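To keep things clear, I will list the structure first and then write my remarks on it.
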Amino acid sequence: MGSVSRQLRETLVSYHSLNDTEWNIAKKSKDVTVWRKPSDEFGGFLYKAEGTVADNPRRIIEFMIPGPRRLEWDSLMTSLEIVKTLDEPGCCVVKYSTAGQLWNIISPREFVDFSYTCDYQRGLMSCGVSVDHPELTPGLVRGFNHPCGWFCVPTEDPDLSSLTGYIQTDLKGMIPQSAVDSAMAAGLVRFYRELTHALAAEPP
């Protein structure tokens with residue numbers, strides 16, 4: 001395991017080990033709960049999303065990792081390109097863009113991330129962090145993802161998996177914190193809904 005992927009994994013596992021009392025609820029739906037806490041990485045928040053998804057961990061993560069399939073169901077993503085494949089298994093550098101949100105209060109963004117997917121307990125984890133990349137796409141604001149990731153493991157119900165995500169995105173620009181909170185919480189709930197629908201629409 002390389003130093004970047006090792007440090008990224010350790011950081012995400014530390015988030016996954018945080019006590020429940022450190023989190024405040026940001027949004028709750030029938031199937032998903034979103035929490036937040038101040039980030040240790042920047043002046044914004046670390047968001048945690050937790051819910052169950054009807055499928056097995058390997059197939060769920062296959063739908064989530066960088067690649068053309070993600071573009072088919074994730075309505076926030078408008079483009080995705082793997083700009084570098086790496087020798088280390090499960091690693092790549094990906095550039096992707098996101099649509100404007102909240103009536104374009106948050107304009108379209110672009111991110112370039114190191115992505116790493118590996119086994120975790122009886123399931124999988126997929127994580128990422130933004131890296132320097134000189135080429136800027138005209139008309140897009142370059143955002144920055146501090147360590148983010150997803151843990152997907154089986155539950156006692158063989159038809160369901162537990163999916164927990166940690167997101168801390170610096171969108172850059174002068175955006176009111178209330179708008180960021182609204183967009184992040186609503187976006188995470190929508191992510192679960194769209195992922196669930198995509199999995200159901202394409203039986204294994």
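The values are calculated or read from the model by the stated rules, or taken from the named source; none is laboratory data. No experiment lies behind these values; they were computed from the predicted model shown. Cβ: placed from backbone, ideal geometry, glycine included. Neighbour counts: every protein chain shown. To get the accessible areas, we keep the full protein, side chains included, count just its heavy atoms, and leave off ligands, DNA and RNA. Shrake-Rupley method; radii C 1.70, N 1.55, O 1.52, S 1.80 Å.
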Measure of exposure for residue 16: accessible area at 1.4 Å probe, Å² rounded to 10, is 60
Straight-line reach check, residue 84, cutoff 15 Å on alpha carbons, 8 or more apart in-chain or any other chain, hits among aspartates and glutamates -> 113, 132, 135
By accessible area (1.4 Å), largest first, 178, 14 order as 178, 14
The range 1-56: relative contact order from alpha carbon pairs under 8 Å, six or more residues apart, as a whole percent, is 21
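Compute the signed sum of charges (Lys and Arg +1, Asp and Glu -1) over the other residues within less than 14 Å, Cβ to Cβ, of residue 51. Each step should come with its number before you reach the end.
Details: positive: 27, 28, 30, 48, 190, 193; negative: 31, 50, 55, 157, 194.
It works out to a net charge of +1.
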Heavy-atom accessible area of residue 32, protein chains in place, probe 1.4 angstrom, given in Å² to nearest 10, is 10
Calculated from DSSP helices alone, with each H run of at least 4 adding -39500 (n - 2.57) and the total divided by the residues of the chain, [θ]222 nm to the nearest 500 comes to -8500 deg cm²/dmol
Against the 2.2 N^0.38 Å rule of thumb, the C-alpha Rg of the chain sits at a ratio of 0.97
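When Lys and Arg each count +1 and Asp and Glu each count -1, what net charge do the other residues less than 14 Å away from residue 29, Cβ to Cβ, add up to? Each step should come with its number before you reach the end.
Working: positive: 27, 28, 30, 190, 193; negative: 31, 50, 194.
It works out to a net charge of +2.
Restricting to Cα pairs below 8 Å that are 6+ residues apart, what does the relative contact order work out to for the chain? Please round to a whole percent. All intermediate terms of the calculation are to be shown ahead of the outcome.
Working: 393 pairs, mean separation 46.3, N = 204.
23 percent.
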With all protein chains in place and a 1.4 Å probe, residue 10 shows an accessible area in Å² (nearest 10) of 110
With every protein chain kept in place and a 1.4 Å probe, the chain has an accessible area per residue in Å² of 52
Partner lysines whose C-alpha sits under 17 Å from that of residue 48, ignoring same-chain residues fewer than 8 away, are 27, 28, 30, 37
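Sort 35, 150 by heavy-atom solvent-accessible area, probe 1.4 angstrom, most to least.
Heavy-atom accessible area, descending, gives 35, 150.
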